[in-house]
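Report on the structure given below.
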Amino acid sequence: MSQDKPKEPRLINPRPRTLIDRPSHFCPGCHHGLIHRLVAEAIDYFGIRERSIGVASVGCSVFLYDFMDTDVLEAPHGRAAAAATGMRRAQPDKVVYTYQGDGDLAAIGTSEIIHAANRGETITVVFVNNTNYGMTGGQMAPTTLLGQKTTTTPYGRDFKRDGYPIRMTELLATLEGVAFAARGAVNKPANLRRTRELIRRAFEVQLKGIGLGFVEVLSACPTDWGLKPLDAIKRVEEELIPYYPLGIFKDKKEADHL
Amino acid sequence: MAEAAIRAGCRFYFGYPITPQNEVAEYMSEHMPEAGGTFIQAESEIASIYMVLGASVTGARAMTSSSSPGISLKQEGISFLAGQELPAVILNVMRGGPGLGNIAGCQGDYFQATRGGGHGDYKTIVLAPGSVQELVDLTGVAFELADKYRNPVMILADGLIGQMREPVVLPEPVKHLPEKDWALRGAKGRPSRFSRSLILNVRRMEEHNWKLQRKFREIEANEIRFEQYLLEDAKLVVVAFGSAARVAKGAVKRLRKEGLKVGLFRPITLWPFPHKKIRELANECSEFLVYELNAGQMLEDVKLALSGSAEVFFYGRPGGVIPTPMDVAKIIGSRYYQRIKRKAK
Ligand SMILES: Cc1ncc(C[n+]2csc(CCOP(=O)(O)OP(=O)(O)O)c2C)c(N)n1
Ligand code: SF4
């Protein structure tokens, strides 16, 4: 029998360089942290940390600058896509990405995202859909599912009063300026791996100048859903994914002007 | 104004159409590309102010322009610019209000401009041109002040100046723009940094507020501008700004010919307001007449400045009515006769 020394443990998946090493302030079971990591991995993958500028939105993700080791602008609620536009035009050789919640992007900031997308701003948009307003205590968002109880839909969302949950990715995919539009989730390893690819591609279309790269990520908010982390993950699978199908809705291979 | 902005090194213009200032955007759309800059017609005033913010945070000189209702929409953004200490120039060509109002010349946005306008404890530097030439000159000043103090600057013009055509002398293009070591341009060879206005810790938020206030006191100490016209021996001082001052000047000229000792004081910076200077004028003269194209807004600042040390009479025309120098001369003249001639008898 050989007396080999036990092998040094090897980290299979070390912390990405772009992700700052500090304790997460998110609630237990929240998916924001995982999604931050995927964005950081994509930035590392392309080696663009030093020329990336992030735009944080108002919501639970507002402290993006505490976690991402890139320059970050904290944009006002809903205005990330407009601020990113100004930035993109002023710094044409930089990489600009926004990170926005569903209240931020699909309610107050709908106009800004639609028009930034329609202009084909070469930016990357990471859209975190947790079907409610996390930071303000779990009110209804435009993405809240029918029947879902929130603090402002105590009897459940009713389409007659509140309208229907909005599918932003499908909507944005119809716009010419959008190069890439996809939806992913991080509720299980297979989905997480796929979402990593999607976010990477959303940066790639920017780097290639094809247009706006958009990734929606279905995200658990156990605190405001009133669920235990594991049940929240289950809800993503059983309730969110059936209404918000995962997949790529658009993937332009080259820019229109090429 | 648009050409002056380009010559002042502004390379980013974001706007949304509204009368009476569309000429600015139209000019920018034609000439910004020649200057290697960017013109975007945004989807709203809200988006355009945040495009300005996004360009400004990278260190670029950026501006937007609009008129009253559009400026109301930009106020949230102006508050963020002030909170995050970002330079920007905002042109407001005021029109009649409230609401949609009309497109005539009006000065109804004085309060909104000089009191901060948006939420929170902040000030916007406010410059009020009295002619097209001065609008051109103050445009360069606006970009300088915005960068110097890292604060939004508003040029408060009105529909009258907006629609006036006058020959102007344009400034030479600026060659050197200030270094901005705070700009976000990617963390190359340095630690990453951020720009924000959210400060949850109340003590730190208070500290930040005091820091802003110290800056505002410094601006008050250094940047007050005004014009004095025939004030040396004046027994009645007319106080007016912008195009109202222009009309008032005509009236003063006319009355002087008739032998009335009247003069004009014209604040050029509406914030910081020349309180001290007005208070000093009261040492020599006890009669003031404030004339505005609104129902009495700068009037409050004049009264504050005088704090009871002189009599203040107000003549105002809100809603876009622009009296002629003759009308204004009549008002000033009759006040003069009532208060000064009669006393002398
Ligand atoms: C103009 C404005 N309106 C409202 C708010 C309050 N507000 C803060 S966060 C938020 C909702 C955030 O929800 P979401 O975008 O879904 O992000 P999450 O917190 O769920 O990650 C709201 C309404 C604000 N900050 N500014
Ligand atoms: S409230 Fe929801 S979205 Fe916000 S940190 Fe907690 S779990 Fe995450």
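The values are calculated or read from the model by the stated rules, or taken from the named source; none is laboratory data. The model shown is predicted, which means the values in this text are computed figures rather than measured ones. So basically every Cβ, Gly included, is an ideal-geometry build from the backbone, and we count neighbours across all protein chains shown. Remember, those area values only see protein heavy atoms, side chains included, never the ligands or the DNA or RNA. Shrake-Rupley method; radii C 1.70, N 1.55, O 1.52, S 1.80 Å.
The table that follows gives values for the structure above.
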{"read-out": "Taking N as its residue count, the alpha carbon Rg of the protein assembly as shown over 2.2 N^0.38 Å", "value": "1.13"}
{"read-out": "List B:R279, B:R266, ordered by accessible area with a 1.4 Å probe, largest first", "value": "B:R279, B:R266"}
{"read-out": "Protein-only accessible surface order, largest first, of A:C30, B:C285 at 1.4 Å", "value": "A:C30, B:C285"}
{"read-out": "FRET efficiency, A:Q139 to B:R225 (Cβ-Cβ, R0 51 Å, nearest 0.05)", "value": "0.60"}
{"read-out": "B:D137 accessible area, 1.4 Å probe, all protein chains in place, Å² to nearest 10", "value": "80"}
{"read-out": "DSSP beta bridge pairing in the range B:227-344, given as percent antiparallel to the nearest 5", "value": "20"}
{"read-out": "Protein accessible surface hidden between A and B, which excludes ligands and nucleic acids, total in Å², probe 1.4 Å", "value": "2500"}
{"read-out": "Label-point separation, B:L177 to B:E232 (7 Å along Cα→Cβ), nm", "value": "4.5"}
{"read-out": "Label-to-label distance, nm, for residues given as B:I199 and A:L227 (7 Å Cα→Cβ offset)", "value": "4.0"}
{"read-out": "HN-Hα J in Hz across the range A:185-198 - Karplus 6.51, -1.76, 1.60, θ = phi - 60°, x for Gly and Pro", "value": "8, 10, 7, 8, x, 5, 5, 4, 5, 5, 5, 4, 5, 5"}
{"read-out": "The range B:85-127 residues near the modelled B:A295 label - backbone nitrogen below 11 Å, point 7 Å along Cα→Cβ", "value": "B:98"}
{"read-out": "Qualifying lysines (Cα of each under 25 Å from Cα of A:K228; at least 8 residues distant if same chain)", "value": "A:K149, A:K188"}
{"read-out": "Backbone HN-Hα couplings from phi across the range B:204-219 [Karplus 6.51/-1.76/1.60, Hz, Gly and Pro as x]", "value": "5, 5, 5, 4, 4, 4, 5, 4, 4, 4, 4, 5, 5, 5, 5, 5"}
{"read-out": "Distant-in-sequence amide H partners of B:R11 (H built 1.01 Å from N, under 5 Å)", "value": "B:R61"}
{"read-out": "Residues of type lysines that B:K303 reaches as a straight line, Cα spacing below 18 Å, ignoring anything fewer than 8 places off in the same chain", "value": "B:K235, B:K276, B:K277"}
{"read-out": "Between helix B:325-336 and chain B: long-axis angle, C-alpha atoms, 0 to 90°, nearest 10", "value": "60"}
{"read-out": "Residues whose placed amide H lies under 5 Å from that of B:F194, excluding near-sequence neighbours", "value": "A:V72"}
{"read-out": "Selected from B:V168, B:V247, B:V126 as most flexible by GNM, with chain B as the system and alpha-carbon contacts under 10 Å", "value": "B:V168"}
{"read-out": "Added length on full extension, which subtracts the Cα-Cα distance from 0.36 nm per residue, A:R194 to A:E176", "value": "4.0 nm"}
{"read-out": "Distance-filtered residues of the range B:152-182 - backbone nitrogen under 20 Å, label point 7 angstrom along B:K277 Cα→Cβ", "value": "B:153-158"}
{"read-out": "Cα centroid of the range B:215-294 to Cα centroid of the range A:197-258, whole Å", "value": "61"}
{"read-out": "Bridge type composition, the range A:1-151 - antiparallel percent by DSSP, nearest 5", "value": "10"}
{"read-out": "B:D327/B:H31 FRET efficiency (R0 45 Å; Cβ-Cβ; nearest 0.05)", "value": "0.70"}
{"read-out": "Net charge, B:L177 excluded, C-beta distance under 15 Å - Lys, Arg +1, Asp, Glu -1", "value": "+3"}
{"read-out": "Backbone HN-Hα couplings from phi across the range A:56-63 [Karplus 6.51/-1.76/1.60, Hz, Gly and Pro as x]", "value": "7, 10, 8, x, 4, 8, 4, 8"}
